[in-house]
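Inspection log for the structure reproduced underneath, given as structure tokens.
The values are calculated or read from the model by the stated rules, or taken from the named source; none is laboratory data. Keep in mind that what you see is a predicted model, and the values were worked out from it rather than measured. Here Cβ is always computed from backbone atoms with ideal geometry, including for glycine, and neighbour counts include all displayed protein chains. All accessible areas refer to the heavy atoms of the entire protein, side chains included, with ligands and DNA or RNA removed. Shrake-Rupley method; radii C 1.70, N 1.55, O 1.52, S 1.80 Å.
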Amino acid sequence: MSRIVKVRGGSGDVIEPKVGTRPQDNLYLAVNSEWIKNAKIPSDRSRTSSFDGIDVNVEKKMMKDFAAFADGKKDLPDVKDFDKAVDLYKIARDFDKRNSDGAAPIKADLSLLEGISNFSDYNLKAPDLAKNGFDLPFSFYVDADMKNTKVNVLQFGGPGTFLPDTTTYKTPAAKKLLDVLKKQSENLLKMAGVSENQANKYVEDAIKFDAKIAKLVKSTEEWADYPATYNPMKIADFENKFDGFTISYFLKEAIGEEPERIIVTEPRYLEHINELINKDNFDEIKGWTLVNFINGVASDLSQDFREAAFPFSHALSGQPKLSSGEKQAYHIADGAFSEVVGVYYGKNYFGADAKKDVLDMIHRMLNVYEKRINENSWLSEATKKKAIVKLRALILKVGYPDKIEKIYDRLKVIPASEGGTLYSNERAFTVESIKYNIEQLHKEVDRTVWLMAGNEVNACYDPQRNDLTFPAAILQAPFYDLEQGRATNFGGIGTVIAHEVSHAFDNNGAKFDEFGNMKNWWTKDDYAEFKKRTQAEIDLFDGIQYGPVKLNGKQIVSENIADQGGLTAAVEAAKNEGDDLKKLFENFARVWANKQLTESIKTQVSVDVHAPGPERANVQSQCQDEFYKAFDVKPSDGMWLDPDKRVHIW
């Protein structure tokens, strides 16, 4: 008999199906091998999963509805601003017009960017570039002040890089990926009317500038430390960091003022700002701006442009085919009017009974959490009291919002009959959104705003609002179904609910109080113990081989803490009701079913703060003592993890 190898994540390769696997050796493969073997990745996607399966179904329903609304076969619903979403969909769907227009819609903006003559001219025009949504080698935006979340504050950060993450530049694939982008960008610029020599020069300069940026901006691992983005500065001190670029003029023109203080999210980038933004780098900055521009707008143009802009995306994800024009039209409308479309979805496809049942499950989870905090063996009474205050202050957002944000009232869709194109409408929306964001600077933070739309297959916790959001779209099988048993629901949506609650107490959330303010509410000893357990969670996942890559435990730690707390609370809730824990663990594994292209795995692991689903299913189950009892797992089995290696936090 072959010897079973015990590892974090169970024995065997979780990517390869093995029908007949015992749950004692690999829970994920035992539950999902048949599914993995038969699952087909859609040609216009790079993976399929339980999440994606729901998303595909939502997409199909909504595409059918949008087509019916656009063709006059269905009356428009009584949802504010929904008619605008349909109007934009019609413009996006009209490929005869898009194809005949070619590059014409972007000609004026392309000329504007090409016409920037030198660094002094760039200084002069930069505020208008910012207000119109063109890429600059820095970013400004308004968001809540982490230490006083009632008020908004101006924030500063660096730009994005061409490759998915700074770590991607250190991989053997970096040169090949950049070569694909180089060829694609040169082609797109030529299609837009730029001469071959000039296009080649722009792209060469852009790649040089991007390489400089990649050495200074934060990696995904660094961004995962959310509180480290809070670095307040007096505006005078901030402005003194800039030499050649006239930042005071920029702020007055682009923001409308020089506020008294600013939050710097990327201090290292600011320290090196003059090495990047200077007259010697002007050509590189200009080339970088143009390459970002042409790759960003190509999808709003003709089918030829869409296809010409696909190779880089294909190289990053492995996705074989471009999505259909009909599908793109729906996603454009959904992207521009996300909250509006989400309210429509929620009202039509999410029932009152389901909302009531989900709210009941959330309250049960909160009760379980309170009990677990009270019975916690490593927290002091003082910290326990503060934790429960935070727990009970959580704001619950289930299904879809009661009101639609005001920004959507301000978006106007200009039809083709009045000279509107898909690009001109999208550009106008960008301008209005930037303006709307800056206007929030002196307004009180609106805590009723939802971070996710109702048709999004996801859920979230916002530490600065201390709220939980569960959009309508995730509240369906296999996560949730009124008809399936409670144990199965606890293994699905129950763990999702408790996962989001756990984010209030992960390595980032733990630094925020019940009002969402960054404030230490822990005793010194308790926090030291929490950090020790956080490190154990980092070590638990760090270095696990997943297909072609190894996992970075530090990058994914906050989500893993939330998974650990979520599954633990769901198990206890199910136990309290006398449910079958086998069904719970099986459905927990089922919701993480995943089949993915190799290129997509590489990209996802480099940028995602979540562990891959199969590892979430197995490693977290291995840390649950009840899992061993439910399946009678022995030390000789593949899923066995010695008790001292199991991580327990919440």
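Somewhere in segment 273-281, is a residue within 21 Å of the chain's Cα centre (by Cα) and polar (S, T, N, Q)?
No, every residue in segment 273-281 fails to be within 21 Å of the chain's Cα centre (by Cα) and polar (S, T, N, Q).
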- [ ] Answer yes or no: is there a residue in segment 175-195 that is polar (S, T, N, Q) and free of Cβ contacts under 8 Å to residues at least 60 places away in the same chain.
- [x] yes
TODO: Please enumerate the residues belonging to segment 15-71 that are open to solvent by 40 Å² or more (accessible area, probe 1.4 Å), touching a strand residue (DSSP E or B) at 6+ places or on another chain (Cβ under 6 Å) and more than 19 Å from ALA611 (Cα to Cα).
DONE: ILE41
Open item on the list: If LYS190 meets every condition in (1) of a type outside the set (Asp, Glu); (2) open to solvent by less than 70 Å² (accessible area, probe 1.4 Å); (3) farther than 30 Å from MET518 by Cα apart from one, which number is that one?
Closed with: (2)
Open item on the list: So in segment 77-89, with the set limited to residues that are open to solvent by 60 Å² or more (accessible area, probe 1.4 Å) and touching a residue at least 40 places away in the same chain (Cβ under 8 Å), which one is farthest from TYR408 (Cα to Cα)?
Closed with: ASP87
Task: Filtered residue count, segment 467-522, keeping only those that are farther than 15 Å from TRP650 by Cα, in contact with a helix residue (DSSP H, G or I) (Cβ under 6 Å, 6 or more places away or on another chain) and hydroxyl-bearing (Ser, Thr, Tyr) - done: 2
Open item on the list: Can you tell me how many residues within segment 628-645 are closer than 19 Å to ALA589 by Cα and modelled with pLDDT under 95?
Closed with: 0
- [ ] Find the residue count for segment 629-647, including only residues that are open to solvent by 20 Å² or more (accessible area, probe 1.4 Å) and either more than 16 Å from ASP563 (Cβ to Cβ) or free of Cβ contacts under 8 Å to residues at least 12 places away in the same chain (or both).
- [x] 11
Task: Boolean, GLY296 is open to solvent by 10 Å² or more (accessible area, probe 1.4 Å) and farther than 22 Å from PRO159 by Cα - done: no
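Quick one: would you say GLU559 is under 18 Å from the mean Cα position of the chain (by Cα), buried (at least 17 other Cβ atoms within 10 Å of the Cβ) and in a helix (DSSP H, G or I)?
yes
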Open item on the list: Just to be sure before I move on: is VAL203 assigned to a loop (DSSP other than H, G, I, E, B), over 23 Å from the mean Cα position of the chain (by Cα) and either buried (at least 19 other Cβ atoms within 10 Å of the Cβ) or not charged (D, E, K, R) (or both) in the structure I sent?
Closed with: no
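Given the condition of a type in the set (Lys, Arg), touching a Lys or Arg at 6+ places or on another chain (Cβ under 9 Å) and modelled with pLDDT of 95 or more, answer yes or no: does some residue in segment 131-149 qualify?
So far as segment 131-149 goes, yes, one or more of its residues are of a type in the set (Lys, Arg), touching a Lys or Arg at 6+ places or on another chain (Cβ under 9 Å) and modelled with pLDDT of 95 or more.
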Open item on the list: Exactly one condition in (1) touching a Phe, Trp or Tyr at 6+ places or on another chain (Cβ under 8 Å); (2) modelled with pLDDT under 95 is false for LEU216; which is it?
Closed with: (2)
Task: Flag for GLU426 being at pLDDT 95 or above, of a type outside the set (A, V, I, L, M, F, W, C), touching a helix residue (DSSP H, G or I) at 6+ places or on another chain (Cβ under 9 Å) and not in a helix (DSSP H, G or I) - done: no
Open item on the list: Testing VAL340 on (1) at pLDDT below 95; (2) touching a helix residue (DSSP H, G or I) at 6+ places or on another chain (Cβ under 7 Å), one condition comes back false. Which one is that?
Closed with: (1)
Task: Check on ALA254, under 25 Å from the mean Cα position of the chain (by Cα) and not in a loop (DSSP other than H, G, I, E, B) - done: no
TODO: Would you point out which residue out of LEU322, LEU270 is more than 30 Å from LEU394 (Cα to Cα) and crowded, with 19+ Cβ neighbours inside 10 Å?
DONE: LEU270
Open item on the list: Just to be sure before I move on: is ALA214 over 24 Å from SER120 (Cβ atoms), touching a Ser or Thr at 6+ places or on another chain (Cβ under 6 Å) and crowded, with 17+ Cβ neighbours inside 10 Å in the structure I sent?
Closed with: yes
Open item on the list: Pairs please, first residue from segment 395-413 and modelled with pLDDT of 95 or more, second anywhere and hydroxyl-bearing (Ser, Thr, Tyr) and part of a helix (DSSP H, G or I), Cβ atoms under 6 Å, 6+ apart in sequence or on different chains.
Closed with: ILE407/TYR436
Open item on the list: Can you find a residue that is under 21 Å from VAL609 (Cα atoms), crowded, with 24+ Cβ neighbours inside 10 Å and at pLDDT below 95 anywhere in segment 485-492?
Closed with: yes
TODO: Report whether or not LYS286 is farther than 20 Å from LEU163 by Cβ, at pLDDT 95 or above, buried (at least 20 other Cβ atoms within 10 Å of the Cβ) and among the charged types (D, E, K, R).
DONE: yes
- [ ] Give me the pairs, please: first residue somewhere in segment 223-243 and open to solvent by 70 Å² or more (accessible area, probe 1.4 Å), second residue anywhere and of a type in the set (Lys, Arg) and at pLDDT 95 or above, beta-carbon distance under 9 Å, and either six or more positions apart or on two chains.
- [x] LYS234/ARG261
- [ ] For segment 576-609, name all the residues that are assigned to a helix (DSSP H, G or I), among the aliphatic types (A, V, I, L, M) and in contact with a helix residue (DSSP H, G or I) (Cβ under 9 Å, 6 or more places away or on another chain).
- [x] LEU581, LEU584, ALA589, VAL607
Open item on the list: For segment 292-350: of the residues being touching a Pro at 6+ places or on another chain (Cβ under 8 Å) and among the small types (Gly, Ala, Ser), which is farthest from ALA199 (Cα to Cα)?
Closed with: GLY346
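Based on this model, can you work out whether GLY553 counts as open to solvent by less than 10 Å² (accessible area, probe 1.4 Å), closer than 30 Å to SER313 by Cα and either touching a residue at least 24 places away in the same chain (Cβ under 8 Å) or not in a helix (DSSP H, G or I) (or both)? Give the steps one after another, and end with the answer.
Details: open to solvent by less than 10 Å² (accessible area, probe 1.4 Å): yes; closer than 30 Å to SER313 by Cα: yes; either touching a residue at least 24 places away in the same chain (Cβ under 8 Å) or not in a helix (DSSP H, G or I) (or both): yes.
Yes: the conditions hold for GLY553.
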TODO: Looking only at segment 116-138, count how many residues are open to solvent by 40 Å² or more (accessible area, probe 1.4 Å) and either closer than 16 Å to ILE285 by Cβ or assigned to a loop (DSSP other than H, G, I, E, B) (or both).
DONE: 8
